[in-house]
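What follows is a set of notes on a single structure, which appears directly below.
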Amino acid sequence: MARDDLVIERVRHPLRFRLGQVCAIHPRGAHWVRITFRGPDLVGFVSASFDDHVKVFFPAPGEALPRMPQLDADGLPARVPEAARPIARDYTPRRFDPVRGELDIEFVLHGDGPGARWAAHARIGQTLGFGGPRGSLVIPTGYDWHWLIGDASALPAIGRRLEMLPSGAQARVLLTVDDPADRLALPTAAQADIRWLPATDGGALYAALASWEIPPGEGYVWAAGELTMARAVRQQLLARGIDKQRLRAVSYWQRGETARHQTLDD
Ligand SMILES: Cc1cc2nc3c(=O)[nH]c(=O)nc-3n(C[C@H](O)[C@H](O)[C@H](O)COP(=O)(O)OP(=O)(O)OC[C@H]3O[C@@H](n4cnc5c(N)ncnc54)[C@H](O)[C@@H]3O)c2cc1C
C-alpha cells in the first residue's frame, strides 16, 4: 500500500523576477564559488525543494546590469529579438535566509560560458537578476533510503538535500569531480556514505553504481549532471528494476552546448 508520507508534491509559484546584489563571496574547493546575494527584491523569495532552479540573468559584456525579461499581457516572458535577449543560465538556490533576505548560489568555475566567467570575476556590489523558481518538486525525506548521484553542477543540490535529510535517514552519494581539492565536506545529519570519483572516468561511476545493492524498502534516486552521465545512470537503474516513479534523472548541462537542461523520461 502506498505510504502517505512518500507522496511527491508539485508546487507552483507565481513567476517573479528580482535583482540581487553580491554581498559575500566564498571560494569553495578549487572550482566552485558560493556567492551570497541580498536586496529588497529578494524578500519573499521561496524555494521549496533542493531540486529547484532559478534562472540567473547576467549583464551583457560592457553592461553593469542584467537585461531582464519583459512580461506580456498574460504575465509570460515576451519574445524579443535575439540580440536583445537576456543572458540567462539555470542555478540551484543553494540556501535562502528569509530573515536576512539572502540567497546563496554556488557556481562551478568550469572556465567557459557567461555564468562561469561572471562567477570567476564576481565582486561585492555587482547585480544579477533571478527568475523563479516557477515550481518545486517536493521529494519527501521519509524514504527508507536515498541515492544521490551527480557531477560538480549537481553538488549544490546534493549538498542542500544532505543538509535537509533528518538524522537516521540512509543516504548513499556518488559525486564526480576531477580535482581532489573539490571534494568538499558535505554536512548532514543523515547516515551518509559519500563517494567521490574522477569525472573524467565515467566508467568508474557506472561500475560503482552497479556495485550498490538495491536496499529493501522504499527508496528514491536523484541524479543530475552532464547529459550522457544522467542518461546512462537512469538506463542502468531502470534496467535493474528501479521504479520510474522513484527515479529522477536530469541533464544539467550538455558537453559542447550552451544552456541545455532536460528532464530525462521516456
Ligand atoms: C536545474 C539546474 C540546476 C543547476 N544548478 C547549478 C548550480 O547550482 N551550479 C552550477 O554551477 N551549475 C548548475 N547548473 C548547470 C548550469 O546551468 C550549466 O552548467 C550552464 O551551462 C552554465 O552556464 P555557463 O554560462 O557557465 O556555460 P554555457 O555558456 O552554458 O556553456 C559553455 C560551455 O561550457 C560547457 N559547460 C557548461 N556547464 C559546464 C560544467 N558544469 N562543467 C563543464 N563544462 C560545462 C558547455 O558544454 C559549453 O561547451 C544547473 C542546471 C540546471 C538545469
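Go through L19, G159, P180 and say which Cα lies farthest out towards the positive end of the charge dipole of the chain; charges sit on Cβ, +1 for Lys and Arg, -1 for Asp and Glu. Sorting the options by dipole projection puts first L19. Between the alpha-carbon centres of the stretch 165-197 and the stretch 15-40 there is a gap of 23 Å. Taking Cα atoms only, the orientation of helix 155-164 departs from the longest principal axis of the chain by about 70 degrees.
If you run the Gaussian network model on the chain, springs between alpha carbon atoms under 10 Å, then out of A189, A207, A230 the most flexible one is A207.
Between I25 and R195, what length in nm is gained on full extension when 0.36 nm per residue of separation is reduced by their alpha carbon distance? Don't jump to the answer; show the numbers that get you there.
Working: separation 170, 0.36 × 170 = 61.20 nm, distance 2.71 nm.
Additional length available on full extension: 58.5 nm.
Size estimate for the stretch 10-135 follows the Kirkwood approach: the inverse of mean 1/r over distinct Cα pairs works out to 15.0 Å.
I'd like the orientation of helix 202-211 relative to the chain: the angle between its Cα long axis and the longest Cα principal axis, in ° from 0 to 90, rounded to 10. Helix 202-211 sits roughly 40 degrees off the main axis of the chain.
Checking every one of the GluC sites (Glu not before Pro) in the stretch 179-266 against DSSP loop status and a limit of 13 other Cβ atoms within 10 Å picks out E213, E257.
Using the Karplus relation 6.51 cos²θ - 1.76 cosθ + 1.60 with θ = phi - 60°, the per-residue 3J(HN,Hα) values for the stretch 104-116 come to 9, 10, 10, 9, 6, 8, 8, x, 9, x, x, x, 5 Hz, with x marking Gly and Pro. Shown here for the stretch 29-87: trypsin sites (Lys or Arg not before Pro) in loop regions (DSSP other than H, G, I, E, B) with at most 16 other Cβ atoms within 10 Å, namely R79.
Is the stretch 59-98 best put as rounded, prolate or oblate by its Cα gyration tensor, with a ≥ b ≥ c the root eigenvalues, rounded for a/c under 1.5, and otherwise prolate when a/b is larger than b/c, oblate when not? Oblate. A compact globular protein would have a Cα radius of gyration near 2.2 N^0.38 Å; the ratio found for the chain is 1.01.
Secondary-structure-derived ellipticity at 222 nm for the chain, considering helices only, amounts to -4500 deg cm²/dmol, per-run term -39500 (n - 2.57) for DSSP H runs with n ≥ 4. Note on the chain: with a GNM built from Cα contacts shorter than 10 Å, the maximum mean-square fluctuation among L205, L237, L162 falls on L237.
A short reminder: the numbers here are calculations on the coordinates, not readings from a lab. Bear in mind the structure is a predicted one, so any value in this text is a computation, not a measurement. Heads up, the Cβs are rebuilt from the backbone with ideal geometry, glycines too, and the neighbour counts pull from every protein chain shown.
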